[in-house]
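Take a look at the structure below.
The values are calculated or read from the model by the stated rules, or taken from the named source; none is laboratory data. What you are looking at is a predicted structure, and each value in this text was computed from that prediction instead of being measured. As a convention, Cβ positions derive from the backbone with ideal geometry for all residues, glycine included, and neighbour counts pool all protein chains shown. Accessible surface is based on the protein model in full, side chains and every heavy atom, while ligands, DNA and RNA are left aside. Shrake-Rupley method; radii C 1.70, N 1.55, O 1.52, S 1.80 Å.
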Amino acid sequence: MYKSLLFILIPGMIACNPPGENANYHPDSLSGRSAVVDTGVMTVGNPPETPQAVPDTIRIEGDFNGDGNLDLAFGVIYRKAMEAEGQDEYVIRFSNPDIKPLLTGYGEIRLINEGDLNSDGRDDISVYQAPLHGCSYVMSSWAFTNSGWKQITDPWLVYNGCNYLSDEDLQNRIVVEDGVVYFYQEDPHDEHLTLVKKEMSIK
């Protein structure tokens, strides 16, 4: 009797196990309502000397459509690189199917919930994106509107000197003071890469 139960249970247990190599596969379609979320850690930038996976920020929460509910935003691979030296293409998907995906382009991404930068009652997202070569990352900020995602800041460079930036570092790059939005950028002419505070134009 027990042997018979084992033959019944084992196939069911195998079927419930998560897939192996295909766990990080994502359908090559923006219209998909579901996607396999990455495993929860990814190596980005240049982590500390000991190679290790660092907590990712490809998964954030926020009220991106202004309905008063928290939604999950997560970055996934949209299209794999065609060449060995190329970069994967990423897209941001959302737990709420009413929020359209945001295609971010090539290079690993990290996400920052910036709060409401443009005073529309919705949380905005900044994307910190890896370059193909070199150490100058790109940041851009986005707001969800009734017609889809809108880029509300010009892209700007982060001269991180190939150093890894923590979640806190990224969160503090954009601040709002007395209704004015500022960003901190390294001075590329300063060997210490001193951060300089600059006013940011919001579109």
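Some points to look at:
- Residue match in the stretch 108-118 (condition: among the basic types (Lys, Arg) and open to solvent by 20 Å² or more (accessible area, probe 1.4 Å)): no
- Whichever residue in the stretch 154-176 is open to solvent by less than 60 Å² (accessible area, probe 1.4 Å) and among the polar types (S, T, N, Q) and, among such residues, is farthest from Ile112 (Cα to Cα): Asn160
- Selection from the stretch 189-203 of residues that are exposed (fewer than 12 other Cβ atoms within 10 Å of the Cβ) and touching a residue at least 24 places away in the same chain (Cβ under 8 Å): Ser201, Lys203
- Applying the condition of being open to solvent by less than 50 Å² (accessible area, probe 1.4 Å) and more than 23 Å from Ser147 (Cβ to Cβ) to the stretch 52-75 and asking which residue is modelled with the lowest pLDDT yields Val54.
- In the stretch 143-151 there is at least one residue matching the filter, namely being among the aromatic types (Phe, Trp, Tyr), modelled with pLDDT of 95 or more and either within 17 Å of the chain's Cα centre (by Cα) or within 18 Å of Asp120 (Cβ to Cβ) (or both).
- Hits in the stretch 157-187 - residues which are at pLDDT below 95, among the aromatic types (Phe, Trp, Tyr) and either touching a strand residue (DSSP E or B) at 6+ places or on another chain (Cβ under 6 Å) or under 20 Å from Asn65 (Cα atoms) (or both): Tyr159
- Residues located in the stretch 119-137, provided they are open to solvent by 10 Å² or more (accessible area, probe 1.4 Å) and closer than 13 Å to Gly66 by Cα: Ser119, Asp120, Gly121, Arg122, Asp123
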